[in-house]
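Inspection log for the structure reproduced underneath, given as structure tokens.
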Amino acid sequence: MMNLYSGTTCPFSHRCRIVLYEKGMDFQVIDVDLFAKPEDIAIINPYGRVPVLVERDLILYEPNIINEYIDERFPHPQLMPADPIMRARARQLLITMEREVFSYIEALEKNSKAAERSRVQIRDRLTEMAPVFVKQKHMLGEEFSMLDVAIAPLLWRLDHYGIELSRAAAPLMKYGERIFSRQGFIDALTPSEKAMRK
């Protein structure tokens, strides 16, 4: 049995929950209060953060690594491309998104001094991405993939983070709605996350 230690409002934990529900496998989600983390989180993850996946003697604690492990261990439906070149491109895009978009989420979560600058950075990068969805259904083309999993929690939280997108981002917002209607996404939402959108 896989156990996922997951923050109930953590966008990175949300990614891992989406993958687990998309796979439709047997697992347990252990909800973690991000403001009062249990001591065992610091024991199983030296960085004291969630998500953490525990399966027997295996402990993983980076969302992309957790998700790739789940995808390889349970290959149906496959969320990383089968073709090595496309898989490398997907990994490259994930790293780019981590650096240029997701790295700004922490400032918004903590509502730090850098929050406003982070909002602008995320807004601008998302707006630049929007034209992609005029031509294709998902980030990598027609198939739902790990890149869609990665960006979905952020798109869900735009209002919550106070990020307003212009009309130029309309294709991105339509894409977001398509992802939000997936059963795996719906099942992965915690009550606190459901409350983030009106």
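Data table
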| read-out | value |
| --- | --- |
| Residue ID - modelled with the lowest pLDDT, chosen from residues in segment 174-198 that are open to solvent by 40 Å² or more (accessible area, probe 1.4 Å) and part of a loop (DSSP other than H, G, I, E, B) | LYS198 |
| GLU106 vs. criteria open to solvent by less than 50 Å² (accessible area, probe 1.4 Å), under 19 Å from the mean Cα position of the chain (by Cα) and acidic (Asp, Glu) | no |
| Meets criteria (closer than 23 Å to ILE163 by Cβ, within 14 Å of the chain's Cα centre (by Cα) and open to solvent by 70 Å² or more (accessible area, probe 1.4 Å)) for GLU62 | no |
| Subset of segment 1-32 [in contact with a Phe, Trp or Tyr (Cβ under 6 Å, 6 or more places away or on another chain), of a type in the set (A, V, I, L, M) and open to solvent by 10 Å² or more (accessible area, probe 1.4 Å)] | MET25, ILE30 |
| Cβ-Cβ under 9 Å pairs, at least 6 apart or on other chains, segment 94-120 side in a loop (DSSP other than H, G, I, E, B), far side among the aromatic types (Phe, Trp, Tyr) and surrounded by 13 or more Cβ atoms within 10 Å (Cβ to Cβ) | ALA114/TYR104 |
| Selection status of ILE70, of a type in the set (A, V, I, L, M), loosely packed, with under 11 Cβ neighbours inside 10 Å and outside any loop (DSSP other than H, G, I, E, B) | no |
| Pair list, Cβ < 9 Å and 6+ apart or interchain, from segment 170-197 residues that are in contact (Cβ under 8 Å) with a residue 40 or more places away in the chain and among the hydrophobic types (A, V, I, L, M, F, W, C) to residues that are open to solvent by 50 Å² or more (accessible area, probe 1.4 Å) and not in a helix (DSSP H, G or I) | LEU172/PRO131 |
| Criterion violated by ARG87 - all others in (1) in a helix (DSSP H, G or I); (2) open to solvent by less than 70 Å² (accessible area, probe 1.4 Å); (3) over 14 Å from GLU143 (Cβ atoms) satisfied | (3) |
| In segment 1-52, residue farthest from the chain's Cα centre (by Cα) [restricted to those that are in a strand (DSSP E or B) and among the hydroxyl-bearing types (Ser, Thr, Tyr)] | TYR5 |
| Residue satisfying condition, being modelled with pLDDT of 95 or more, among the aliphatic types (A, V, I, L, M), within 18 Å of LEU154 (Cα to Cα) and open to solvent by less than 40 Å² (accessible area, probe 1.4 Å), within set LEU94, LEU79, LEU53 | LEU94 |
| Odd one out for GLU39 among (1) over 17 Å from LEU147 (Cβ atoms); (2) open to solvent by less than 30 Å² (accessible area, probe 1.4 Å) | (2) |
| Segment 129-173, residues that are open to solvent by 40 Å² or more (accessible area, probe 1.4 Å), in a helix (DSSP H, G or I) and either within 23 Å of TYR104 (Cα to Cα) or among the hydrophobic types (A, V, I, L, M, F, W, C) (or both) | VAL132, VAL134, ASP159, HIS160, ARG167, ALA168, ALA170, MET173 |
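Yes or no, residue by residue, for (1) within 17 Å of ILE186 (Cβ to Cβ); (2) charged (D, E, K, R):
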| site | (1), (2) |
| --- | --- |
| TYR5 | no, no |
| GLY24 | yes, no |
| LEU34 | no, no |
| ASP40 | no, yes |
| VAL50 | no, no |
| LEU53 | no, no |
| ASP57 | no, yes |
| ASN67 | no, no |
| ARG73 | no, yes |
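The values are calculated or read from the model by the stated rules, or taken from the named source; none is laboratory data. Given the structure is predicted, the values throughout are model-derived calculations rather than measurements. All Cβ positions, glycine included, derive from the backbone under ideal geometry; neighbour counts span all protein chains shown. All accessible areas refer to the heavy atoms of the entire protein, side chains included, with ligands and DNA or RNA removed. Shrake-Rupley method; radii C 1.70, N 1.55, O 1.52, S 1.80 Å.
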